[in-house]
Every structure is written in C-alpha cells, then in structure tokens.
Amino acid sequence: MKPRVLVLRAAGSNCDLETAFAFDQAGGAAVLLHINRVLENPALLTEYQILAIPGGFTYGDDISAGKVMANQLRFHLADHLRAFHQQGKLIIGICNGFQVLVKAGLLPVVDFAAEQSVTLTNNDSGKYDDRWVYLRINESPCVFTRAMKERVYFPVAHAEGKFVVRDESVLQELWRNRQVVFQYVNPDGGVAAYPWNPNGSMADIAGICDPTGRVLGLMPHPERNIDPTHHPAWTRIGLNREADGAALFSNAIAYFT
Amino acid sequence: MITRIELGLSADFQDSEAKGILSGARDLGVTGVNRVKVYQVYYLSGDLQKEEKTRIAKSLLADLVTQQYGIDQPLPCKEEPPCWSVEVTFNRGVTDLVAETALKGIRDLGITSVQEAKTAKRFEFFGVLSAGDKELIAQKLLINKVVQHVMQPGEKLFFTMEDPVFQLIVIPLRDADEEQLMRLSRERDLFLNSAEMHAIQDHFRSLQRDPTDIELEMIAQTWSEHCSHKTLTGLVEFEGRVIRNPLKQTIFRVTRELDLPWCVSVFKDNAGVIRFDDDYNVCFKVETHNHPSAMEPYGGANTGIGGVIRDPLGTGLGAKPIINTDIFCFGPVDLAMKDLPKGVLHPKRVMQGVVAGVRDYGNRMGIPTSNGAIFFDDRYLGNPLVYCGNVGLLPRNLCEKTVAPGDAIIVVGGRTGRDGIHGATASSGELHTESEGTWSGAVQIGNPIVEKKLVDTLMQARDRGYYRAITDCGAGGLSSAIGELAKTTGAEVFLEKVPLKYHGLSYMEIWISEAQERMVIFVPPEHVDDALALFAGEDVEATVIGRTTDDHKIRLFYHSALVGELDMAFLHDGMPEVVRQAVYEKPVLVETEPELLSDLTPVLHKILAAPNVCSKEWVIRQYDHEVQGGSVVKPLVGVDQQGPSDASVTRPRMDSYKAVILANGLNPKYGLIDPYWMAASSIDEAVRNVIAVGGSLERTALLDNFCWGSTDKPDRLGGLMRAMQACYDVASVFRTPFISGKDSLNNEYKTESGDSIAIPPTLLISAIAVMEDCRQAVTMDLKKAGNLLYVVGLTRAECGGSHYYEVMNASSSKAPQVDAESARRLYLALHAAMTAGLVASCHDCSEGGLAVALAEMAFSGGLGLSVSLASVPRTADVVRDDVLLFSESNSRLVVEVQPDKEAAFCAALQAIPFGLLGQVTAAPQLVIDGIQGERLIEENLANLKSSWQNTLRW
C-alpha cells in the first residue's frame, strides 16, 4: 500500500496542491485536509505516515509568520503530534510550514512545553524575495535527504525566512546533533552573502531537522523543483536531467516502503 | 477595559522597517534623524486578568527569540530618550487585518473575554527634529490620511455603533426641474447626465410615485460608465456619421467574424473563455483600479488585484485563479518634491505602495504573478494607471450558469461595511486636488486570506454541484451583482440579513457597498444546508439573503418594509441614448533629426537606463512567480536569471506539458502621435512577445483595456475611435480574436489652477496563447558562442515616440506602423522554425529598437556579440545607422541559430525579410558595426548591464 501523506492546510495555505503532487509523483498517496477537520477529530492523524505542512501565509502571517497555526498545533494537538512522532512517522514543514514547526515546538526538538529557541524572522533585505538559491546538504540524521547530492538548487519565496537562534548555545547544540541539514552557499559552494543567502540567516542555515531526523523544516521549496521545466535555466541546460527536489519526496516515501 | 501590548525588536536584531523610514526621511531632506525604532502595538478591548495578558503577549503576539513585550506601558528606552515618539493607527472603519487575526489567535488560547482588537505602530526618532520635520515625516512617510492617522493622547479607539433608526427616504423627483435634477445627481454623487435624470423622472412619473434613495442609487450604479460602458456601446458621431455601438463595430466584430472554434465564451461572462485542453478551458480578465490607487496606492492596488481575481472566479461556475498579471503607469519617480502638485502623492511613493499592494495580495492568494510591465510618463503624475489581470482554469463542463426562480441567493465571504461606497460612480468622474478628502469612502484595504478561503471553499462547492450561478460583488456591490445575475428572472433581497462588519449602515449603504471579498451564488433549495455547512467548516461566512423570483422585478426589503422595487427591464434597458461627439485632429509635430554621433555607445547606455527600458527586477522578485508549481518561462531568465523575458509560460496542470503564454503590449508614447498606430503597435507587441517564447499566432487571443481621458470631450473620444478601428484592422488580419476587455474613460486630473490634465491615450493589449508543449519554449538569452544571429522583419525610419529621439531631444511624427499582412506571414514562418527546434534564442525588438534587443540578449546570456548592420532588411528611407539601430519598427525579432541549423532556418523563412547580423562570441563584448563597416558600438557587457540595472535598484 502506498504510504499516506497528510498535507495539512489552513486558511491561507497555498502550496498544498503542488506539495501533494510531489508526494504523489514520488509514489505516495497524498490527501489534503483542512486543520479544522483535524482539530475536530485528532484521531485522523493516525491514518497517515507523513505529515506535511505546506507553504503559504496561514492566517495571513499576521502577528508573525505561521504563528496562529503553530499555536493551534501546540495548544490543541500536542499529544497527538507527539504520538505521531514517537511512532516513527515523518513530519516536514516547507517555508510557512517550517515557520509553523519552530513556533509550535516541533523543531529543533519535539517539545511543546519548552520556550521557543529558534525562529524565522524578517529578511535583512526588508522585503519578500523570490529567487533560486544553492544549498549544501550536510551530513545529518535527516531521513528526507538520504543519499541526495551534496548541492541542490531550489527557489525561496518569502519575507520572513531569516533563521536566528535565541543564543549561541542553541546553535552549538544544532551542530553537535548534526541538525543543520541545509545551508545556503554561493554558486561555487563557498560561504554565501546576499543574494545567495537571501535573508541573512545565521550560519547560512536554510533548514534543520530534529535529532531523530524525522522532522524536517526548510525555507526553500523542493516541491518547486520536481520537473526539469521548473529549473530557471532549463532552456540553457536542457531537460534531460532529474530535478533536484524529487529525491527529497522519494526518500520520505521510501522510508515506509 | 483596554489592554495595550507593545512589541519591539531586541537590540541584537536589525529592523529593516526602521531602516526604510530612516532612509525615507533622508529622501525628504530631513537630516536631523540618526536612528529610528518601530514598535508594534495591540489594543485589546475586554476584561483580562493579568495572567491572561501575559499569556497573550508571550504565547501569541511576541516572538520571544527576537522581541520584547511591554504590557500597558511602553517598552523602556535604554539609551538616550527619543526626540519624538509618535503612534499611528488606522482610521475608523478601515480593515485592520492583523487585529482580526489576533482576535482569532486569542480565542484559540481559550481566552474569550476580548471583544475587539486594534493595532497601531509606534515610532521613536532619535536626533533633532523641528515641528516641520515631524509634520513632513508623519504625512509623507508614516501615514496616508485616507486610511491612517496620528494618534492623540486619550484617543477613543473602540466605538459602539447603533443602527440608524429606520426611515424610508423618498426623493421628490417627479416635479423637479432641470436644475434640481442636476443638483440631485451632483449632490448624491450619482454622476448621471441630464438625459438620464429625465429618463428616470419619466419612468417614475409613469409609476405615479417618487423613487426611494435605494432605487435611485441602484439605477445610478447600473447606468454608470463603469458598469454599463455606455460611451463605447452608445452612439458616437465621428467623421460625419453616427456610429452605433463602436465597440461592437470594431473589437467584438473581429471575434464575431473570425468565429474560431476555440473561443468558448466572449464578452459575455465576467472573463473571456477559450479552450485549453480536453478537460479545461482558461479564462482571462484585466481590470483597472486607477482612482483608488491614486489616493491610497497600497489599498487601491491591493483591492485591484483582489477584485480581478473574483472575475474568473465568477466566470461560468467559477474558475480557479492560476496566474496574475500587473501593468502600471506612473509619473516620474525622480520628480523633485517641489514640483509635486498639491493633493498628489509622489510617484515613488505611489509605485512603492502599488507594488506592495499587489505583492501582499497576490502572494497571499498563492497565485503566481508572472507577467507585467511598468511605464513612466509625466502625465500619469496625478492619475496613475494600475491594470490587474487574472487567468483562471475552468472545467469544460462547468462553463455555463443557469438562473431559475426559487433559488436561494447566498452571499459568501467578507462582511459588508461602509467601505467602497460609490466606487462605481466615482470612477466615472475626474480626480481633483481635493480627492483625498472627498472620496475616502471609495478606498479600501483588501483581506487576501478571506478571499483565499473563499476560493478554496467555492471550488469544493462548485465540484459538488451546490450552486447553479455565481458572480462577484465588484463595482456597485450587491446591487450590481444581483441586479445583473437575476436579470432574466427577478429577485427579492432582505437587506437586514446581510452580515455587516459593524452597526450603523443604512439599508441603502448595505445594497451599494463595494466591500471586498464577496461573491454571490444562487443555490437550489435542496443544496442550501450542505452548502452552508461546507463554508462554515472552513470558517467562511455564507448567508442566505434572498431568493430568485419569476416576475422580472428586483424587490428590496429591510426588516419587512419594502424599500425598493424596480423593473429589470427599465433598470437594464431604460438608459437613454446620447449621441457623443468625437473629432480627431492629427497633432502637428516638428520634425527635428538628432545629430549623428560617431560613437553610439553612450546613447545605448542612456536608453538602457531609461525607466521604461531598465530592469524591473526590484519589482518582479517581490512577487511569487512560481507558486502552484507550473512556472516554465519565468519573468527573469538567462545565465543568472536577470534577463527580461518576453512573455511568461505557465503549466496550469502539473500532470501536463500543455501551457499558457501571457504577454502584453503598451505604447502610450506613440498614442501622442497617433492613437491608431499606438493601438496597432500594442497588438503587434503583445503578439510578437508570444511568438518570441514559442507561441503560435493561431492560438492567441487578445484583451483590450483602454484608459483614456474624459470622453465627454470630443477630442479624447476621437482618438479612441481611431484606436478601436486599428484594433479591428490589425486583429482581423492576425486572426487573433478579442475575448474580453474593459475601459476606464475619465482619467484626468484637475489641478489647482483648474486645468484638466489627461493621461496619454493608453491601450493595454494583453495576449494569452495556448502552447501545445511547453518544452518547446524559447528564451531570450544568448545560448552559445559560435551561433549565428539573425534579425527577422523590416526596419523602417520610424523614430516618432522612440526612446532614441527622447534621449536625443529630437522629434518626429513617424510612429511605428504595422503591416499586418506581412507581419502575419512572418510570425507563422518563424513559429514553424521554432517548433522545428531551429531557434536557440529569440527576443523582440521594442523600446530602444535593435540595439537594446541585442544588448539584452547578450548580457542575459553572458555571451558577447559581433554584428554588422549591413544585411539588416530595411526600407529605402533608412539611410542612417542610428535609425537602423534605434528605430522602433514593429514586427521584428532577433533570433539565434546554431550553425548546423542555418540552412533549415533560412529555408523556413523563405519569402520573409530577414538578414544575418553576425555571431555570438565568448568575449563578453557587444560590438556593432554600421552599414559601411565603421564601428558604432563597442562595450563590455557588464557595463551595459549595470546601466540597465541601476535605475530601479532600490
């Protein structure tokens, strides 16, 4: 049976369809579900192996990006999500989903009681930016990036993607646990300055996982690079190649098959 | 009890908003400020315990990693005290999105005692500021008085509003004389002319009663230029004959005569519909939102894009919005403050506000903004243009509405407020120096998340067959929506059932309010409960407000009192015909040739840096152009994705390579010479952009959007008549049907001295084409050193309105013309070559002519060019190299071809004028030699690119 993927949407989610499509294309069976249905009946979560929180502007990103949806998870679904994670299932948050995960208490570790230790805040540029970035994939326990190439190319599209930590010890902990999955790099693989680090993230961090590697959050959009025609320079490099993002979804599906 | 919670960034984090204000203050010439701090403030009304306040601050409002919070007192200032602390908030009645979300977040925390919320921003300025500086900063940077104000100490923030005591207002009309009729029209902002007022008077005399206010308002809405397009569908006397319905004689006629099988629904529904594939059609609509954007750029553009999204959503049984386009015309952004007329916002502020408005709405809706253009001219100073477009995807079996008696009328989405009263009628008047104050009711701020929820739920309701008809509430509000949709049946509406944002609206205001994010659906009785449950399940408000009837009347009730009753026949067909006068006189222009310079490199730099030519990357990257996963050719292309794409290519379905191409053409500079050739050029430009990315002329459809001065003035209308004739002449030959359009005819600005400044005659042509396989798309960046470069199409001496003449201060009356027959042959031949895979890159020649096209192709591909003009096909009147290089003749493209495909390419273009220009080189240089072989241009690509990029790099 195909692994079942729950793409959880809320008012203002907007990358739900392409995220579901990416999982379907990778061999999963994705279902879109509004968060109100899960709040009414949290047991619905048990029917799925993968929980994906897609990009968008949940509740307008008013107050701060992802905050209202994060609180819905944190104050109303914590027990069910903890169980979901402990059962060895996978959780991914992309862009707005990443913002939700860190504010809900699902990253950098699954702990709904702890005070938030990392966040995603306003880009240094002061504006929304849609551009493609190079990412280095570090060695990590992350299930989603297993055996992926060392460098990938995904677009970012956000105004609040600057990764920051509460204090230096949080960063050290992330490194110690090999939780820094994605880092922005320049086209040569070196340290990224703007625009290669598009938002001013500390340590060029673009995505992190929890210590188990089963929860991943990232600002760039892998689901926007799953077809060769997605690449912004495909008319130069041709279509006879695999799109970088597809492997990430295949890894998640392969984990259950 | 009111709780105040303030949030500020911790010192470790940089505040980009504060930085923006600091640099804005310096732009205003205020030098005394050295630092700014910004605080977000929430006011909550309701009884809260101390613990609850702390919980709201810590768990909801503050991001504790980056922010500090203060409850009921400002955050302490650690260093020197600010020289000025000022707080600004929204005016009463203006949508406060963040406050609404905060209320939801507070309820989610289990705290139910907060009834209302309001947000504000507090700014601290450090340094030295005079009272004048403060006033300047407040007015020019911190607020737009149309929607915001500086808070006063002790200001009342929350109001309990009472419903007005119901009183039916009857307007004594039957006995009014001419003067009284016209005063009534003026004082009630009806914008009805004398003949129309008399027609209404006659109608009510025959009914032997006077109209109520709501009846008169509904007639004014329905008959407004905005809703009825009475000028272009009326009678016009031009060149000695009276033309009935000029629109039908030109624009519609193209489509009718062509009668193409893939045109599904044209000029009928809210958007034009064409065939996409076996399962889907696509529809496209472009609207303008000019006057609101002039007054409140952010809100105006915001609701402009929000409004046009609801057009495809209200087409057929509802199309899913898949692509946005935006085209703007502004005054010069480098205008000196001292030259700014009173009552006008600075063009830079207008542009920043408009871009932010489109960005925030489009991005939040999850719709890619893939195509657009920006044009600058002095005459848009008081009257900028904001065109917003949306493409929707519509299942083929859901393209038709049915309206039957007995269905429930349900309003879905946003609540109704006093916002936007008289938008439809107001857009039919001129802007003037007092506009800011007088029309504030017409300006709104949108709520994209309400609209996103609306789209999400309507798509589900549509697929389950819950409703039979749908339309948007746009100009004229419920009045226009229900009046139009129930035209063939009749309807009764119970106005007190309409959900309101706040108390205090009269029955008349409820009916004509243009509050955003509302749709109307007609639901058969058996589906009402299911439909309401579906909307409620995703927190979308839906309310039954009336029902369709079978007596062809619209009947309005307020708490069981009949407040209005009109015959549909009079409402829709009772408008009297007025003959409008049109004259056209060709302007007399002095012919002055520019001095012929031996080195044209500096001229090329100047043209590349011209605002109308330069890179718009600053704007483009603020729009999400890739959401929905179908972006194939993006607005920026090339080796480092900074090159200007000719058109966008988008896959509406992720499981198919069939695609939609969008492009546009806009040439106001030619319009000042001759609107006929302006229109012809705009069509040609839109079409050749489609061709440039690999589209086919045979699957291209057009949209027309005229923005003109006041057509009550015969000279303005005369130009428009010529432009419409050109639309017919060129589009018929191209065989490209018009499928939708809209006009905006009162774009004038009255200055303090009483002069009326009209915008340049502006026609936006939008093109949409269906592409069989997007993997055949071609981009404009040079691909490989050693490839050959050709120019296709004939160059004529047509420098009138050109950028070359502009930078050289020369003048000519020879605007580019279009030889439509030859152009069609060229486009068909070139498309065949492209489909055969013979073309590596392709770029159209437009602003700045051949020279700019070559430079853009080169720096976008990171490859050089060595070319000679000797073989460029040209007419006999082209004798000078500079004319050959910079003339803006239409129907020309530059094409890159691999050497091994040269023969096949040349064979494909047999009988088409084309010539070899030269070669793509590895050396990053643009080298252009003239007809006689002398060097005209030699420059590094990096320098050319930087000229092109620097102008709008904000």
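The values are calculated or read from the model by the stated rules, or taken from the named source; none is laboratory data. Everything numeric here is computed off the predicted structure, so don't read it as measured data. We place every Cβ from the backbone using ideal geometry, glycine too, and count neighbours over all the protein chains shown.
For this structure, a couple of remarks:
- The helices (runs of 4 or more DSSP H) falling completely within segment B:395-465 that include 2 or more residues that are modelled with pLDDT of 85 or more and touching a Ser or Thr at 6+ places or on another chain (Cβ under 9 Å) map to B:448-463.
- Screening B:ILE673 against (1) aliphatic (A, V, I, L, M); (2) in a loop (DSSP other than H, G, I, E, B); (3) buried (at least 23 other Cβ atoms within 10 Å of the Cβ); (4) in contact with a Ser or Thr (Cβ under 8 Å, 6 or more places away or on another chain) leaves a single unmet condition, (3).
- Criterion applied to B:SER194, B:SER224 was being of a type outside the set (A, V, I, L, M, F, W, C) and either over 22 Å from B:GLY476 (Cα atoms) or under 32 Å from the mean Cα position of the chain (by Cα) (or both), and the one residue passing it is B:SER224.
- Only one entry of B:ASP326, B:ASP278, B:ASP334, B:ASP269 meets the criterion of being among the charged types (D, E, K, R), more than 23 Å from the chain's Cα centre (by Cα) and not in a helix (DSSP H, G or I), and that entry is B:ASP278.
- Any chance B:ASP599 is outside any helix (DSSP H, G or I), acidic (Asp, Glu) and under 30 Å from B:ALA855 (Cα atoms): yes
- Of all the residues in segment A:32-77, those that are more than 13 Å from every other protein chain (Cβ to nearest Cβ) and assigned to a helix (DSSP H, G or I) number 6.
- Entry remark, segment B:179-218: residues being closer than 25 Å to B:ALA491 by Cβ, free of Cβ contacts under 8 Å to residues at least 24 places away in the same chain and touching a helix residue (DSSP H, G or I) at 6+ places or on another chain (Cβ under 8 Å) number 0 in total.
- Number of positions in segment A:92-101 that are assigned to a helix (DSSP H, G or I) and either of a type in the set (D, E, K, R) or within 12 Å of chain B (Cβ to nearest Cβ) (or both): 2
- Among the residues making up segment B:519-573, those that are surrounded by fewer than 18 Cβ atoms within 10 Å (Cβ to Cβ), more than 14 Å from chain A (Cβ to nearest Cβ) and of a type in the set (Gly, Ala, Ser) are B:SER560, B:ALA561, B:ALA569.
- Under the condition of being part of a strand (DSSP E or B) and closer than 25 Å to B:VAL883 by Cα, the residues counted in segment B:893-920 number 11.
- Matching residues in segment B:163-192 - criterion: being surrounded by fewer than 17 Cβ atoms within 10 Å (Cβ to Cβ) and more than 22 Å from B:LEU556 (Cβ to Cβ): B:ASP175, B:ASP177, B:GLU178, B:GLU179, B:GLN180, B:MET182, B:ARG183, B:ARG186, B:GLU187
- Residue count, segment A:102-114 (criterion: within 14 Å of chain B (Cβ to nearest Cβ) and in contact with a helix residue (DSSP H, G or I) (Cβ under 9 Å, 6 or more places away or on another chain)): 8
Let's see how each residue does on (1) surrounded by fewer than 17 Cβ atoms within 10 Å (Cβ to Cβ); (2) more than 14 Å from chain A (Cβ to nearest Cβ); (3) among the aromatic types (Phe, Trp, Tyr); (4) within 35 Å of the chain's Cα centre (by Cα):
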position	(1), (2), (3), (4)
B:LEU865	no, yes, no, no
B:SER868	no, yes, no, no
B:ASP882	no, yes, no, no
B:GLU888	no, yes, no, yes
B:ASP900	yes, yes, no, no
B:LEU917	no, yes, no, no
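- Checking the stated criteria, A:ASP16 turns out not to satisfy the condition of being within 14 Å of chain B (Cβ to nearest Cβ), under 29 Å from B:ARG359 (Cα atoms) and either surrounded by fewer than 20 Cβ atoms within 10 Å (Cβ to Cβ) or modelled with pLDDT under 95 (or both).
- Selection count where residues are touching a Lys or Arg at 6+ places or on another chain (Cβ under 7 Å) and within 8 Å of chain B (Cβ to nearest Cβ), scope segment A:224-238: 4
- Test: residue in segment B:243-257 that is modelled with pLDDT under 90, charged (D, E, K, R), out of contact with any strand residue (DSSP E or B) (no Cβ under 8 Å at 6 or more places or on another chain) and over 30 Å from B:PHE166 (Cα atoms): no
- Any hit, segment A:121-131, residues being under 30 Å from A:ALA83 (Cα atoms), touching a residue at least 24 places away in the same chain (Cβ under 8 Å) and facing chain B (nearest Cβ under 8 Å): yes
- Of all residues in segment B:615-624, those being facing chain A (nearest Cβ under 7 Å) and surrounded by fewer than 24 Cβ atoms within 10 Å (Cβ to Cβ) number 2.
- Qualifying residue in segment B:75-90 (condition: within 27 Å of A:VAL118 (Cα to Cα), touching an Asp or Glu at 6+ places or on another chain (Cβ under 8 Å) and in a strand (DSSP E or B)): no
- Considering the conditions (1) under 20 Å from B:ALA686 (Cβ atoms); (2) more than 14 Å from chain A (Cβ to nearest Cβ); (3) of a type in the set (S, T, N, Q), B:THR779 is excluded by exactly one of them, (2).
- Any hit, segment B:530-551, residues being charged (D, E, K, R), in contact with an Asp or Glu (Cβ under 9 Å, 6 or more places away or on another chain) and in a strand (DSSP E or B): yes
- Subset tally (residues that are within 23 Å of B:GLU626 (Cβ to Cβ) and away from every other protein chain (no Cβ under 14 Å)) for segment B:347-370: 1
- Between A:ARG166, A:ARG241, A:ARG178, A:ARG214, the distinction of being surrounded by fewer than 21 Cβ atoms within 10 Å (Cβ to Cβ), touching a residue at least 12 places away in the same chain (Cβ under 8 Å) and away from every other protein chain (no Cβ under 14 Å) belongs to A:ARG178 only.
- Inside segment A:175-201, residues that are out of contact with any Lys or Arg (no Cβ under 8 Å at 6 or more places or on another chain) and within 20 Å of A:VAL109 (Cα to Cα) make up a count of 7.
- Scanning segment A:160-200 for residues that are among the charged types (D, E, K, R), under 20 Å from A:ASN122 (Cα atoms) and under 18 Å from the mean Cα position of the chain (by Cα) gives A:GLU160, A:LYS162.
- Residue within segment A:204-223 that is touching an Asp or Glu at 6+ places or on another chain (Cβ under 6 Å), modelled with pLDDT of 95 or more and not small (Gly, Ala, Ser) present: yes
- Checked against (1) buried (at least 22 other Cβ atoms within 10 Å of the Cβ); (2) in contact (Cβ under 8 Å) with a residue 24 or more places away in the chain, A:ASP62 meets all criteria but (2).
- The residues in segment A:78-91 that are closer than 19 Å to A:VAL118 by Cα and either at the interface with chain B (Cβ under 10 Å from one of its Cβ atoms) or surrounded by 20 or more Cβ atoms within 10 Å (Cβ to Cβ) (or both) can be counted, and the count is 1.
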